[in-house]
Amino acid sequence: MRQIVLDTETTGLSPEAGDRIIEIGCVELLHRKLTGNTFHCYLNPQRDIHEDAIKVHGISNEFLQDKPLFEHIAQEFLAFVKDAEIIIHNAPFDVGFLNAELTRIDQPAFKQHVKHVLDTLAMAKELYPGKRNSLDALCERLGVSNAARKFHGGLLDAELLADVYIHLTRGQDALLIDGDEISHDGSSPVRMDYSAFKLPVIRATAEEMAEHEKLLDEIDKASGGKTLWRQPSSA
């Protein structure tokens with residue numbers, strides 16, 4: 001499956017109030033492996049950046065003066081994300097801004113260009129209820145190094161989120177072994193033949209069986225004789 005991990009930086013918090021995207025960063029995953037294929041650009045928002053936003057991402061108005069407008073990179077960006085599953089942390093925020101930019105150039109909403117949008121913030125809240133689930137908090141919890149991160153940045157945050165996502169969904173790796181799987185270098189995976197292996201059977205001793213029966217008796221007694229294993233079979 002082709003997946004794109006995406007992050008944006010903006011002039012502020014509200015596309016409805018006219019805030020704009022100033023940076024887009026994307027990294028590509030293929031079969032849950034980073035391919036090295038990226039999309040990254042800074043954008044001229046044609047408006048000033050809020051001071052609080054500058055404190056977060058460190059991008060200045062002066063830096064963006066000679067950068068392209070969203071409309072100039074839109075087709076290249078949409079071609080990069082086309083039909084992929086998109087992974088975003090706090091997806092409603094980024095998708096809201098992308099929709100506002102696409103509306104300005106008479107393009108359909110973002111989700112109509114892609115296969116699906118996955119929100120890792122919603123996923124993390126389900127896995128870790130009641131805990132901090134910011135990208136920084138998840139990096140710390142999952143052992144993902146973010147030592148190089150002094151400011152938020154579209155491409156850097158997308159790379160960190162890709163690592164976080166792989167850690168969050170590591171249990172899915174076993175589900176991906178099928179005939180179509182390829183490794184990150186394009187080669188076929190090496191398959192092991194385990195048919196010749198014979199696993200030893202270690203049987204319980206008479207003493208262990210007696211202890212087991214004793215435990216079952218105690219559980220049955222505590223339940224008032226309602227345990228299923230003490231009931232006669234109807235067969």
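The values are calculated or read from the model by the stated rules, or taken from the named source; none is laboratory data. The shown structure was predicted, so the numbers you read here are calculated from the model rather than taken from an experiment. Cβ sites come from the backbone with ideal geometry, for glycine too, and all protein chains shown count toward neighbours.
Worth pointing out:
- When the range 80-127 is filtered for residues that are more than 22 Å from residue 56 (Cβ to Cβ) and among the small types (Gly, Ala, Ser), the ones remaining, listed by number, are 84, 109.
- Top-ranked residue of the range 1-45 - restricted to ones that are more than 14 Å from the chain's Cα centre (by Cα) and of a type in the set (A, V, I, L, M, F, W, C), ranked as surrounded by the most Cβ atoms within 10 Å (Cβ to Cβ): 22
- Residue check for residue 137: modelled with pLDDT of 75 or more and under 22 Å from the mean Cα position of the chain (by Cα): yes
- Cβ separations smaller than 7 Å between residues 6+ apart or across chains give no pair from the range 114-127 residues that are within 12 Å of residue 4 (Cα to Cα) and of a type in the set (Gly, Ala, Ser) to residues that are at pLDDT 95 or above and part of a helix (DSSP H, G or I).
- Helices (runs of 4 or more DSSP H) within the range 13-126 that include 2 or more residues modelled with pLDDT of 95 or more, of a type outside the set (A, V, I, L, M) and over 23 Å from residue 156 (Cβ atoms): 70-81, 91-104
- Restricted to the range 128-148, and to residues there that are surrounded by 14 or more Cβ atoms within 10 Å (Cβ to Cβ) and in contact with a helix residue (DSSP H, G or I) (Cβ under 8 Å, 6 or more places away or on another chain), the residue that is nearest to residue 56 (Cα to Cα) is 135.
- Close Cβ contacts (under 8 Å, 6 or more residues apart or on different chains) running from residues in the range 30-44 that are within 29 Å of residue 63 (Cα to Cα) to residues that are surrounded by 15 or more Cβ atoms within 10 Å (Cβ to Cβ) and of a type in the set (Lys, Arg) comprise 41/67; 42/67; 43/20; 43/67; 44/67.
- Residue count for the range 140-165, restricted to those that are touching a strand residue (DSSP E or B) at 6+ places or on another chain (Cβ under 8 Å) and at pLDDT 90 or above: 6
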